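Reading through the structure tokens given below for one structure.
Read the figures in this text as sums done on the coordinates, not as results from a lab. The model shown is predicted, which means the values in this text are computed figures rather than measured ones. Counting neighbours? That spans all protein chains shown, and the Cβs are built from the backbone with ideal geometry, glycine included.
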Amino acid sequence: MIESKPAQATRSAYNRAEPSFERDLVEVTRGTRAGEYLRRFWQVVAPSVDATRTPQMVRVLGEDLVLYRDGSGTAGLLYPRCAHRGTSLYYGRTEEHGIRCCYHGWVFDADGTCLDQPLEPDGGRARDNYFQPYYPVEERYGLIFAYMGPPEKQPVLPRYDCLEHLAADETILVDATSRGTGGPAICDFNWFQHYENVMDPFHVVVLHDSFSGTQFVPDMGTMPEVTYAYTPRGIKSQQVRTMSDGRTLRRVTELALPTGRIVPSPTLSIFGPVTGLGFMMPIDDTHFRIYNLNVAKNGDTGDRRGSLLGGKAWRELTPAEHRQFPGDYEAQSGQGEITLHSEDRLASTDRGVSMLRKLFRAEVDLVASGRDPIGVAFNEADALIRLDAGNYVAE
């Protein structure tokens, strides 16, 4: 009998350790450490146009909520179970101020105040003693943001320099298709798998070029020189490439914690500072969506990624084509619904991923200790966030 070499036994899949994931990097629900960290920031709920007189269910950070807009134009985000007898306000009717429950007609406004109890004497003599749990919302850049954390810690809603001071012929385009993942509008895996991918510029050379063919432009397939740095709002990478025309491309990509992703045009159709950004929206532990905002000329459709396989959209690819020509969605969903961090073997080109994970863990610890995370402001004077991201070219 030929004895197995120790290395062969070690490599056997039978002997692998039980895998696990890091909860502090992936969990989003209330009460978890990472979920409480995420709740210290304003989170995107939906595009403003989705809040209408017809109530709809939305799921954010693992919570199911009712979103509506009343007759006065005010958007509301309420806990769905009516404070009276528990039926869902999804079946309610919006009125000039608030939403009326279908069961016994109680009306609640956007801050949970009970305005009417029609079956009670005088419309509810004690109605001030009742309220509907709610989350405060604000609208900016064509999006609805909600603050879902402790009320005493509520920060001001941030502003971003690349989306301010629009010219008369410019507008902000809202794209809710999760453009950036190369996949469906709602992605069926943990949000952090995509978030850390933004700090992995090296995968572009293989996944988006030599393996699946040029998915952006040929110059993006050139091996870059990469440096990373922490910023007051998160982390950034700088990638330097020599382009085919001899010019030097300095490409800066950023993450503004906890969910902001600032990725310059990968098709190199826009040079200079970024003209937009994206917000990750963790729906729950295994689903997320990306809302992208871009400044464009009136009537323009905005920046677009390179085409797939002769102009096909992702949804038009066959299963065989998805397998043969994978993109970000296939690579990241292929890690599983929640990737197994214990099985990662990070190398030198994963330095950006390591730095992001380290920073995210530290911020979760900071909030758990009772302190404020980076990136929050409590007065309007400090609300503007200035970004470094962009595609910069030198001769």
### Message
Taking every pair of distinct Cα atoms and averaging 1/r, then inverting, what Kirkwood hydrodynamic radius in Å comes out for the stretch 1-88?
### Response
17.3 Å
### Query
Short version: ³J(HN,Hα) in whole Hz for each residue of the stretch 17-26, in order, from phi by Karplus 6.51 cos²θ - 1.76 cosθ + 1.60 (θ = phi - 60°), x for Gly and Pro, what are they?
6, 4, x, 7, 10, 8, 4, 6, 9, 10
#### Entry: Integer Hz, Karplus 6.51/-1.76/1.60 couplings in order for the stretch 94-104, x for Gly and Pro
6, 10, 4, 9, x, 10, 9, 5, 6, 7, 10
### Message
Charges on Cβ only, +1 for Lys and Arg, -1 for Asp and Glu, centred on the Cα centroid of the stretch 213-278; of M243, G221, G272, which one is farthest towards the dipole's positive end?
### Response
G272
### Summary
Amide H contacts under 5 Å for E170, restricted to residues at least 5 apart in sequence or on another chain and with H modeled in the peptide plane, are N298
### Task
Rounded to the nearest 500, what is the 222 nm mean residue ellipticity of the chain from helices alone, with -39500 (n - 2.57) per DSSP H run of 4+ residues and division by all residues?
-3500 deg cm²/dmol
#### Entry: Rounded FRET efficiency, nearest 0.05, which uses the C-beta distance separating D388 from T52 and R0 of 35 Å
0.40
### Query
With θ set to phi - 60° and the Karplus curve 6.51 cos²θ - 1.76 cosθ + 1.60, what are the ³J(HN,Hα) couplings of the stretch 131-143 in order, to the nearest whole Hz, using x for Gly and Pro?
8, 9, x, 9, 10, x, 10, 9, 10, 7, 6, x, 10
### Unit charges on C-beta of K, R, D, E only; dipole of the stretch 64-177, Debye
560 debye
### Message
Give me P(r) over the stretch 164-261, computed from all C-alpha to C-alpha distances, binned every 5 Å, as integer percentages.
### Response
2, 10, 16, 19, 20, 17, 12, 3, 0
### Message
Need the C-alpha centroid separation for the stretch 115-153 versus the stretch 172-187, integer Å.
### Response
31 Å
### Message
Could you compute Rg(Cα) / (2.2 N^0.38 Å) for the stretch 42-139, with N its residue count?
### Response
1.01
### Summary
Sorted by chain and then number, the residues having a modelled amide H within less than 5 Å of the amide H of L387, at least 5 places away or on another chain, are D161, C162
### Query
Going by average Cβ neighbours within 10 Å, how do the peptides 140-152, 247-259, 161-173 rank, with the highest at the top?
247-259, 140-152, 161-173
### Message
Tell me which of A51, G73, G86 sits at the most positive position along the dipole axis of the stretch 42-139, charges placed on C-beta atoms (Lys, Arg +1; Asp, Glu -1).
### Response
G86
### Query
Hey, how many Å between the Cα centroid of the stretch 1-76 and the Cα centroid of the stretch 188-235?
22 Å
### Task
Would you mind checking which residues have amide H under 5 Å from V45's amide H? H placed 1.01 Å from N; only 5 or more apart, or other chain.
I144, F145, A146
### Message
Out of all Cα-Cα pairs in the stretch 214-258, roughly what percent, to the nearest whole number, are more than 16 Å apart?
### Response
45 percent
